[in-house]
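One structure is given here, and the rest of the page talks about it.
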Amino acid sequence: MKDKENLISIGEMARLTGAGIQALRHYEKLSLLKPIYIHPDSGYRYYSVEQGYLVEIIMLCVELDIPLKDLPKFTFDD
């Protein structure tokens, strides 16, 4: 991936959004939040800054008791 300088680590995403690293990994397991890039050797996950908005939406759904399984119905993932 040639544009890694515009990506943020999972730790930085956690700090920016207030979501825990384990929560971000959980959202990935639920196919709600896919890292833009996973380093092939280290397995480190990287996200775009824009994905922070998705994390905030996910956290709002959790706060409002909206089942996360319903969230993909309302997102525009490719």
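Rolling a 1.4 angstrom probe over region 1-49 with all protein chains present gives an accessible area of which 51% lies on carbon and sulfur atoms. Note on residue 56 and residue 36: their simple-model spin labels are 1.7 nm apart, each label 7 Å out from Cα toward Cβ. In the chain, the DSSP-assigned H stretches of four residues or longer account for a calculated mean residue ellipticity at 222 nm of -11500 deg cm²/dmol, using -39500 (n - 2.57) per stretch and the full residue count as denominator.
Indicate the gyration tensor shape class of the chain (rounded, prolate or oblate), computed on the Cα atoms with a ≥ b ≥ c the square roots of the eigenvalues: a/c under 1.5 is rounded; otherwise a/b larger than b/c is prolate and the rest oblate. Prolate, since a/c reaches 1.5 and a/b exceeds b/c. A Förster radius of 25 Å, combined with the Cβ-Cβ distance separating residue 68 from residue 21, puts the computed FRET efficiency at roughly 0.90. With the highest mean first, a sort of the peptides 9-21, 36-48 on other beta-carbon atoms found within 10 angstrom per residue produces 9-21, 36-48.
A simple rule links phi to the HN-Hα coupling: the Karplus curve 6.51 cos²θ - 1.76 cosθ + 1.60 with θ = phi - 60°, which for region 50-65 gives 4, 5, x, 5, 5, 4, 5, 5, 4, 5, 5, 4, 4, 4, 8, 6 Hz, with x for Gly and Pro.
The values are calculated or read from the model by the stated rules, or taken from the named source; none is laboratory data. None of these values were measured; they are calculated from a predicted model. Here Cβ is always computed from backbone atoms with ideal geometry, including for glycine, and neighbour counts include all displayed protein chains. Only protein heavy atoms, including side chains, enter the accessible area calculation; ligands, DNA and RNA are left aside. Shrake-Rupley method; radii C 1.70, N 1.55, O 1.52, S 1.80 Å.
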